[in-house]
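Asker: Once you've had a glance at the structure underneath, I'll fire off some questions.
The values are calculated or read from the model by the stated rules, or taken from the named source; none is laboratory data. Values in this document were obtained by computation on a predicted structure and should not be read as measured data. Note that we place each Cβ from the backbone using ideal geometry, even for glycine, and neighbour counts take in every protein chain shown. Please note that ligands, DNA and RNA were not included when accessible areas were found on the heavy atoms of the full protein model with its side chains. Shrake-Rupley method; radii C 1.70, N 1.55, O 1.52, S 1.80 Å.
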Amino acid sequence: MNIKFDIEGGNFSSAGLASSEVKRLLKQLNIDIKTIKRLVVAMYEAEVNIVAHAYQGEADVEINEDHIKVVFTDHGPGIDDIDLAMQKGYSTASEQVREMGFGAGMGLPNIKSHADKLNITSEVGKGTRVEIICYLNA
Amino acid sequence: MTIEEIKNKLDLSVFSGQDGLSKTATGGYVSDLLSDVMGNAKEGQVWITLQTHKNIMAIASLKDIAAIIIVKDLQPSEETIEFSNKENIPLLSTSKSAFEITGQLYETFMFAKSTQEND
Ligand SMILES: Nc1ncnc2c1ncn2[C@@H]1O[C@H](COP(=O)(O)OP(=O)(O)OP(=O)(O)O)[C@@H](O)[C@H]1O
Ligand SMILES: [Mg+2]
């Protein structure tokens, strides 16, 4: 099963909608709750990163027999040094975004620790692609 | 312990999400950093924070947080209140600081635990 969600950069009021829709759906499908919980954390962080750091993007969710794959692609500034971005505490979030409680530099580390696979590719000035995989009953 | 009992013991007022007051709380988590809560809070915990915007409800809902306590009489936005009612996640208020209310909540849990053990 494939589902696609649009994610609007800068719109914090709808941040998390894709993640919560996927959570609802996976519960309906009786997917194991531990897997849902892990995936939801990873998805939310990737979704909010598009809202906080990019202009526009989408999430493509693929539900398979033994794993769920979500690919986030965005038009945005891209990430110059992905290893640096992956470090706990590293953040380029604006003052305004930090005031809301984002910008701890923990989002990407959260994805890494909650998903089974994380693959990031990015082109500066163009955008970023974040691929997340969670295996069922892993 | 239910959220209702916590509300009474800690003298909290209720902004919204009344229908969730009968839920059981398993513990607490204190943080104003949203990705810290996302990564580390556990289902059923009571979240103590000074954040007031709608994103706290999105996180509470995704993480199955039992209730949120907003400190220092801060006022949540209209959108936050709506979300809380829709999801039946109580949004509670205290005039106390995070330090004080966390201490009280911790004591309440410890007391409940010790009386359970003595039964
Ligand atoms: N989709 C993206 N487009 C551009 N830059 C990004 C994107 N995702 C992450 N980054 C960069 O990587 C940094 C680290 O991301 P991470 O999610 O770990 O922290 P954060 O978003 O800054 O804060 P937090 O997630 O804790 O609220 C960001 O500050 C930003 O510079
Ligand atoms: Mg982030």
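Asker: Accessible area per residue, 1.4 Å probe, Å², for the range B:33-119: what's the number?
Answerer: Here the per-residue accessible area is 46 Å².
Asker: Using a 1.4 angstrom probe with every protein chain in place, what is the largest-first accessible-area order of B:TYR29, A:TYR44, B:TYR106?
Answerer: B:TYR106, B:TYR29, A:TYR44
Asker: Just to verify a number: what accessible area does A:THR92 come out at with the full protein assembly present, 1.4 Å probe, Å² rounded to tens?
Answerer: Using a 1.4 Å probe on the heavy atoms, I get roughly 100 Å².
Asker: Given an 8 Å cut-off on Cα distances and at least 6 residues of separation, report the relative contact order of the range A:2-135 as a percent.
Answerer: 28
Asker: Leaving ligands, DNA and RNA out of it, rank A:GLU99, B:GLU79, A:GLU8 by accessible area with a 1.4 Å probe, largest first.
Answerer: A:GLU99, A:GLU8, B:GLU79
Asker: Can you sort A:LEU118, B:LEU92 by 1.4 Å-probe accessible area, starting with the largest?
Answerer: If we order A:LEU118, B:LEU92 from most to least accessible, we get A:LEU118, B:LEU92.
Asker: Where in the range B:81-119 does the amide nitrogen come within less than 17 Å of the point 7 Å from the Cα of B:THR24, taken along Cα to Cβ?
Answerer: B:109-119
Asker: Given 25 °C and 0.890 mPa s, how large is the Stokes-Einstein diffusion coefficient of the protein assembly as shown in µm²/s, with Rh as the Kirkwood radius over Cα pairs?
Answerer: Translational diffusion coefficient: 130 µm²/s.
Asker: Here's something else I'd like to know. For chain A, take the longest principal axis of its alpha carbons; what is the angle in degrees between that and the long axis of helix A:33-53, to the nearest 10 within 0 to 90?
Answerer: Roughly 30 degrees between the two axes.
Asker: Given only helices, namely DSSP H runs of n ≥ 4 each adding -39500 (n - 2.57), what is the per-residue ellipticity at 222 nm of the protein assembly as shown, to the nearest 500 deg cm²/dmol?
Answerer: For the protein assembly as shown, the value works out to -12000 deg cm²/dmol.
Asker: Check cross-link reach from A:LYS27 to the lysines: straight Cα distance under 21 Å, and skip same-chain residues fewer than eight apart.
Answerer: Excluding near neighbours in sequence, the set is A:LYS4, A:LYS37, A:LYS69, B:LYS23, B:LYS42, B:LYS63, B:LYS86.
Asker: Using a 1.4 Å probe and ignoring any ligands, DNA or RNA, find the accessible area of A:ARG129 and quote it in Å² to the nearest 10.
Answerer: About 80 Å², rounded to the nearest 10.
Asker: When the C-alpha atoms of chain A are aligned to their principal axes, what extent does each axis show, in angstrom, from largest down?
Answerer: Result, largest extent first: 40, 28, 26 Å.
Asker: Compute the Cα gyration tensor for the range B:3-111, then decide on rounded, prolate or oblate, letting a ≥ b ≥ c be the square roots of its eigenvalues: rounded whenever a/c is under 1.5, prolate when a/b is larger than b/c in the other cases, and oblate in all that remain.
Answerer: It comes out rounded by the Cα gyration axes.
Asker: Something else: Determine the gain in length on full extension of the stretch A:HIS67-A:ARG24; use 0.36 nm per residue of separation and subtract their C-alpha separation, reporting nm with one decimal.
Answerer: Result: 13.8 nm gained on full extension.
Asker: Using 7 Å Cα-to-Cβ label points, what is the A:ASN137/A:GLN87 separation (nm, one decimal)?
Answerer: The two pseudo-label positions are separated by 4.2 nm.
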